[in-house]
Each structure stands twice: as C-alpha cells, then as structure tokens.
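Novice: Got a structure here, written out as structure tokens. Questions coming.
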Amino acid sequence: MIVLLILAYLALALAPLALSAAQDLPPRAVTDELASGLGMVALAILLVEFILSGRFRSISRPIGMDVTMWFHQLLARSALVLVLLHPILYSTWQRAEANDPTRQGFVSFELHGLVPGIISFLLLGAIVAMAIGRSELGYRYEIWRFLHGISAVAMAFFGVLHATRLGRYSQESALEWFWWAMLGLAVLSLLFVYIAKPIRKMTRPWKVASVEKAADRMWHVTLEPDGHDGLTYEAGQFAWANFGHNAFSLHENPFSITSSPTAGPAVSFLIKELGDSTNRIGQLRPGTRAYLDAPHGNMTTAGRTEPGIALIAGGVGIAPMIGILREMRATADTRPSILVYGNRHERQIACPAELERFARTPGTEVIHILSEPGPGWTGLTGHPDRQTLQALFDTPDRKRWLYILCGPPIMLDTVEDALIGIGIPSSQILSERFVYE
Ligand SMILES: Cc1cc2nc3c(=O)[nH]c(=O)nc-3n(C[C@H](O)[C@H](O)[C@H](O)COP(=O)(O)OP(=O)(O)OC[C@H]3O[C@@H](n4cnc5c(N)ncnc54)[C@H](O)[C@@H]3O)c2cc1C
C-alpha cells in the first residue's frame, strides 16, 4: 500500500514533465527548460498538498499521521524553494521579436499571466511563514486553520492561472486540462473535509455520557452513540472530536481513543487541559451533543505479530496506551507488555487505579518515571532516557517486540534515537506526536 501511494504521488508530481515532453516542442536553453520544469513540479506538489492534509484515512492509515504531516510540511517548503528558482533560472528574458508560436526564444511577461504567478508566490510564502511561526504569532488555532485553507485555495488557483496563461507547455494542451483537473481535485478535497464529512457526522451524532477527573488537569470523557451503532476502530487510533459545537464548526481537536473497541459502542478519551477548548472540557455536561470524525492514525497493534509490546508514554501520551492495554485485556492477548510512563509528579499519573490493575495482570509491567517526584517516591526518577530504555529493552527477545511511543515531540525524539541505538528496527516502532500543524 505504501509503495502504491509513493508511486501515485510520483506519477502526479511528475505528470506535467511527461505531458510537456509529449508535446515535442523545439528545445530551448537547458536553464529555460529547467525553470519551466521546476515551476510545473512545484505547482503539482502544491496541488497534491490538499490531499496530504492528514484528514484522509486512506493516506494517513498506512503511513501514520506524523509521517503524513511531516511530508505535508516538507513538500510545501520544498515547493517554495522550487518556485523561487523558477523565475531566476530563465535565461531568455527578452520579449518575442519574431513571430514564434513555439516560444522557443523568449519568455512571456504578459501581465494577465505574470500577476497571478506573483500573487500565488506571495501567498505560498505567507502560508509557509504562518505555519512555521504559528505559535509565535499567537492567534487561535481555528483562525489559523481557516486562513491556511482559504489562502491555500487562492494560491493554487492563481498558480494554475499563471501556468495556463503563460506556461509554454500548459496552454491549449492536455497539460492545461491536467492543471484544471488537479485544481478541481484540490477544491473537492476541501469540500469533502468541510462539507461532506460534517453532513455525514450529522447523521451519526454522539452525546456525552460522563466526564470524570483522571488526574491533575486531565479528564476522562465518555461518549455514547446517539441513535446509531457507534464506531469501528482499532485500539490506539484517534478521532477528531467536536464537543458541543455544530457539525460544521472548525472547533474540533484530535484525541486518542482510550476505550477498547471490543468493549461496546461507547468511546472514551483522556483529555488534558492545554488551551482554549481543552480548558473547558471539565465543564462538559452529560447529554452535550458531540461529533466524531474517526478513526484516524496507524498507531495500533491490530495485525502486528511481534511477540511483545512496549508502550512508552509521556504525559497525556498515555491515552492511546490505555486503549491498547484495555483491548489486550479484553481480547485476552497474552503477549508480554511493558508500559513506561513518564510524568513530572505523582498527581499527573492518569487512571492510577486502572494502571495498578494492569500491573497485576501476569505478563504486564508498568514502570513509572517521574522527573519531579514528591517526597516518599520509591520508583524511577528522571526521564525515559537511553540508559533506562537500554536497561529494559536491550535483550535479544525484546529487540523483536513492537514499540509504541506517544508524548511530547522532545521526548519522542530522545526515545526513538535510544531505541534505534539499541538496535530496534524502525519498522517495529510506531509513534505519534500530539502536534498537528
Ligand atoms: C494525533 C493526535 C492525538 C492527540 N491525542 C490527544 C489525547 O488523547 N489527549 C489530549 O489531551 N491531547 C491529545 N492531543 C493534543 C490535542 O489535540 C491538543 O492538546 C488540543 O487540540 C489543544 O486544543 P486547545 O484548543 O485546548 O489548545 P490551544 O491553546 O488552542 O492549542 C494548543 C496547541 O494544540 C494544537 N491544537 C489546537 N487546536 C487544534 C486542533 N483543532 N487540531 C489540531 N491541533 C490543535 C496546536 O498545536 C496548538 O498550538 C492529540 C494531538 C494529536 C495530533
């Protein structure tokens, strides 16, 4: 599946080059051909970005949310570099002097094509800058998301206008159709996320069944399906959840599902107070309407045959691990498992009673690591670092286990490096950073 996705991606990104070559126009200076080629590949990359937004299960399920978003950001930044090179590389900056329909010896500066190109370029720069500096700019996530979507559509439209009005290969050819079709696909993908998905969600509403305190500034929220049979998902996956807003609202946040899929139709989440929406989670009343776009993510044990499972969590990164442990219990999965759970202090440990029950299950070990423990703490102190992980997992049989990691990006970077250093192949490591941008 991953190979198919990569091939499909390459086919779309490189199609403009193939469609240009097929036109068999007389050759120009190499730099001119390069300039056109880079501009076209950049535009194709940007148009495919709409389906790499992380909201399409068929893409993020096989490769994971982190990798999808990593590609989305990397490709946008690479496209910006290509777009910068595009005008610089042209060597034939003179206007047409002779009647040359093949435009072999000149680059056109007609304003009706040039201006959309400049607008598109400026918008792309602004989108990338706004994404990189989002936290520093300080505006609300929902506003950023709205601006990101709207400016991306405008950038894509002006880019296609520029190509089809000025491009040597993109006028009156199959390539012109390709650009408009790709723009149509990009717009359709937005309509799918912002119109079709909410309409579907309206037919499958949920209601809050309970909200219980799980730890310091952390809540355990349970939802029940309202008039339908619930959700089909795998332990460890996550949902985009909207609590108390209409189905079309941009107020939806990603949260890992902590319930076990085989335990019944109710789904639950562990939610940490972090910002404007999550700070109000504790005030949710039973009966409040909720909508879910789910399931998403590939951080799951389903279909994995490794002989043991290591779960390494930091803070609220425990959420998917609880779902996985609950499911292992519910399905009598007897594989050995170790949960390594890092927090600052005891009050942050979520669902402590349930974790104790897990720890009493034969074959399951729960190891807490606190960085700022209170007096009387007898467990491990510090962070889940290389030394601790080496002591736990550097044995021949544990090197064959599946490793599932979730938590703040800085912790995951350390843990991933440590595991790779121990010799765990990256194909046995699944991770999810609780950041989506
Ligand atoms: C795949 C995934 C799974 C997650 N699972 C959990 C979980 O189980 N429990 C938990 O407590 N947290 C989880 N998070 C983090 C959670 O989504 C954010 O803490 C929450 O969205 C913050 O929202 P806020 O409006 O309260 O905070 P804000 O102050 O508005 O934002 C704080 C940060 O949270 C992120 N964020 C805010 N709104 C959104 C949004 N609508 N969509 C995406 N990101 C947003 C942004 O990076 C933002 O900078 C998960 C994140 C991801 C990506």
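Novice: Is there a residue in the stretch 137-155 that is open to solvent by 50 Å² or more (accessible area, probe 1.4 Å), in the same structural domain as residue 91 (by TED's automatic domain parsing) and basic (Lys, Arg)? Reasoning before the result, please.
Specialist: First, the residues of the stretch 137-155 that are open to solvent by 50 Å² or more (accessible area, probe 1.4 Å): 137-141, 143, 146-147, 150.
Pick out the ones that are also in the same structural domain as residue 91 (by TED's automatic domain parsing) and you get 137-141, 143, 146-147, 150.
From the residues that got through so far, the ones that are basic (Lys, Arg) too are 140.
Yes, there is a match, as at least one residue in the stretch 137-155 is open to solvent by 50 Å² or more (accessible area, probe 1.4 Å), in the same structural domain as residue 91 (by TED's automatic domain parsing) and basic (Lys, Arg).
Novice: If you scan the stretch 298-350, which residues turn out to be among the hydrophobic types (A, V, I, L, M, F, W, C), within 22 Å of residue 391 (Cα to Cα) and under 25 Å from the mean Cα position of the chain (by Cα)?
Specialist: Listed by number, the residues that qualify are 309, 310, 311, 312, 313, 318, 321, 339, 340.
Novice: Could you look through the stretch 372-411, keep only residues that are part of a helix (DSSP H, G or I) and touching an Asp or Glu at 6+ places or on another chain (Cβ under 8 Å), and pick out the one that is surrounded by the fewest Cβ atoms within 10 Å (Cβ to Cβ)?
Specialist: 400
Novice: Moving on to the next point. Please give the number of the condition residue 105 fails out of (1) open to solvent by less than 60 Å² (accessible area, probe 1.4 Å); (2) in contact with a Leu (Cβ under 9 Å, 6 or more places away or on another chain); (3) at pLDDT below 85.
Specialist: (2)
Novice: Check whether at least one residue in the stretch 169-188 is at positive phi, surrounded by fewer than 15 Cβ atoms within 10 Å (Cβ to Cβ) and within 16 Å of the ligand (Cβ to nearest atom), and report yes or no.
Specialist: Scanning the stretch 169-188, I find no residue that is at positive phi, surrounded by fewer than 15 Cβ atoms within 10 Å (Cβ to Cβ) and within 16 Å of the ligand (Cβ to nearest atom), so the answer is no.
Novice: Moving on to the next point. Taking the conditions exactly as written (aliphatic (A, V, I, L, M) and surrounded by 22 or more Cβ atoms within 10 Å (Cβ to Cβ)), does residue 163 satisfy them or not? Walk me through it before giving the result.
Specialist: Details: aliphatic (A, V, I, L, M): yes; surrounded by 22 or more Cβ atoms within 10 Å (Cβ to Cβ): yes.
Spelling it out, residue 163 is indeed aliphatic (A, V, I, L, M) and surrounded by 22 or more Cβ atoms within 10 Å (Cβ to Cβ).
Novice: Write out, first by first residue and then by second, each pair whose Cβ atoms fall under 7 Å of each other, whose residues are 6+ apart or on separate chains, and whose first residue, in the stretch 351-368, is closer than 23 Å to residue 217 by Cβ while the second is in a helix (DSSP H, G or I).
Specialist: Pairs found: 351/322; 358/325; 366/355; 366/358; 366/359.
The rows are residues; the columns are (1) of a type outside the set (Phe, Trp, Tyr); (2) under 19 Å from the mean Cα position of the chain (by Cα); (3) at pLDDT below 95; (4) surrounded by 14 or more Cβ atoms within 10 Å (Cβ to Cβ).
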| site | (1), (2), (3), (4) |
| --- | --- |
| 26 | yes, no, yes, no |
| 32 | yes, no, yes, yes |
| 35 | yes, no, yes, yes |
| 58 | yes, yes, yes, no |
| 71 | no, yes, yes, yes |
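Novice: Out of the stretch 287-298, which residues are more than 8 Å from the ligand (Cβ to nearest atom) and in contact with a helix residue (DSSP H, G or I) (Cβ under 6 Å, 6 or more places away or on another chain)?
Specialist: Taking the stretch 287-298 as the starting set, the residues that turn out to be more than 8 Å from the ligand (Cβ to nearest atom) are 287-295, 298.
Once the filter is applied, which keeps residues that are more than 8 Å from the ligand (Cβ to nearest atom) and in contact with a helix residue (DSSP H, G or I) (Cβ under 6 Å, 6 or more places away or on another chain), the stretch 287-298 yields 291, 293, 298.
Novice: For the stretch 336-344, does any single residue satisfy the condition of being of a type in the set (Gly, Ala, Ser), assigned by TED's automatic domain parsing to the domain that holds residue 393, outside any strand (DSSP E or B) and closer than 30 Å to residue 54 by Cα? It would help to see each step written out before you state the result.
Specialist: Of all residues in the stretch 336-344, those of a type in the set (Gly, Ala, Ser) come to 337, 342.
Then drop every residue that is not assigned by TED's automatic domain parsing to the domain that holds residue 393, which leaves 337, 342.
Checking which are outside any strand (DSSP E or B) leaves us with none.
No, because not a single residue in the stretch 336-344 is of a type in the set (Gly, Ala, Ser), assigned by TED's automatic domain parsing to the domain that holds residue 393, outside any strand (DSSP E or B) and closer than 30 Å to residue 54 by Cα.
Novice: I would also like to ask the following. So which residues in the stretch 22-47 are hydrophobic (A, V, I, L, M, F, W, C) and closer than 16 Å to residue 163 by Cα, if there are any at all?
Specialist: 34, 35, 38, 40, 41, 42, 43, 44, 45, 46, 47 - these are the residues of the stretch 22-47 that are hydrophobic (A, V, I, L, M, F, W, C) and closer than 16 Å to residue 163 by Cα.
Novice: May I pose another question? Here's a check for you: in the stretch 412-437, which residue that is part of a strand (DSSP E or B) and within 16 Å of the ligand (Cβ to nearest atom) is most open to solvent (accessible area, probe 1.4 Å)?
Specialist: Going through the qualifying residues, I end up with 433.
Novice: Out of 5, 14, 43, I need the residue that is open to solvent by 80 Å² or more (accessible area, probe 1.4 Å), in a helix (DSSP H, G or I) and under 24 Å from residue 63 (Cβ atoms). Which one?
Specialist: After ruling out the rest, the residue left standing is 14.
Novice: Quick check on the stretch 287-302: of everything there that is assigned to a loop (DSSP other than H, G, I, E, B) and open to solvent by 10 Å² or more (accessible area, probe 1.4 Å), which residue is farthest from residue 316 (Cα to Cα)?
Specialist: Residue satisfying both the conditions and the ranking: 287.
Novice: Looking only at the stretch 299-329, which residues are within 24 Å of residue 224 (Cβ to Cβ) and either of a type in the set (Lys, Arg) or more than 16 Å from the ligand (Cβ to nearest atom) (or both)? Let's see the steps before the verdict.
Specialist: Of the stretch 299-329, the ones within 24 Å of residue 224 (Cβ to Cβ) are 300, 302, 316, 318-329.
302, 326, 328, 329 - these are the residues of the stretch 299-329 that are within 24 Å of residue 224 (Cβ to Cβ) and either of a type in the set (Lys, Arg) or more than 16 Å from the ligand (Cβ to nearest atom) (or both).
Novice: Right, residue 256: hydroxyl-bearing (Ser, Thr, Tyr), touching a residue at least 12 places away in the same chain (Cβ under 8 Å) and closer than 26 Å to residue 345 by Cβ or not?
Specialist: When the stated conditions are applied, residue 256 passes them.
Novice: Within the stretch 278-286, is there a residue that is loosely packed, with under 15 Cβ neighbours inside 10 Å and within 9 Å of the ligand (Cβ to nearest atom)?
Specialist: Yes, some residue in the stretch 278-286 is loosely packed, with under 15 Cβ neighbours inside 10 Å and within 9 Å of the ligand (Cβ to nearest atom).
Novice: Now, a different point. Could you check the stretch 211-229 and list, in sequence order, the residues that are in contact (Cβ under 8 Å) with a residue 12 or more places away in the chain, part of a strand (DSSP E or B) and exposed (fewer than 14 other Cβ atoms within 10 Å of the Cβ)?
Specialist: 213
Novice: Scan the stretch 257-284 for residues that are among the hydroxyl-bearing types (Ser, Thr, Tyr) and closer than 23 Å to residue 408 by Cβ and jot them down.
Specialist: Matches in the stretch 257-284: 258, 268, 277, 278.
Novice: May I pose another question? If you scan the stretch 251-277, which residues turn out to be more than 29 Å from residue 135 (Cα to Cα), surrounded by fewer than 20 Cβ atoms within 10 Å (Cβ to Cβ) and either at pLDDT below 95 or within 12 Å of the ligand (Cβ to nearest atom) (or both)?
Specialist: 262, 263, 264, listed by residue number.
Novice: Based on this model, can you work out whether residue 233 counts as open to solvent by 40 Å² or more (accessible area, probe 1.4 Å), within 16 Å of the ligand (Cβ to nearest atom) and on the phi < 0 side of the Ramachandran plot?
Specialist: no
The values are calculated or read from the model by the stated rules, or taken from the named source; none is laboratory data. As the structure is a prediction and not an experimental result, all values here were calculated from the model. All Cβ positions, glycine included, derive from the backbone under ideal geometry; neighbour counts span all protein chains shown. We work out accessible area using only protein heavy atoms, side chains counted, and drop any ligands, DNA or RNA first. Shrake-Rupley method; radii C 1.70, N 1.55, O 1.52, S 1.80 Å.
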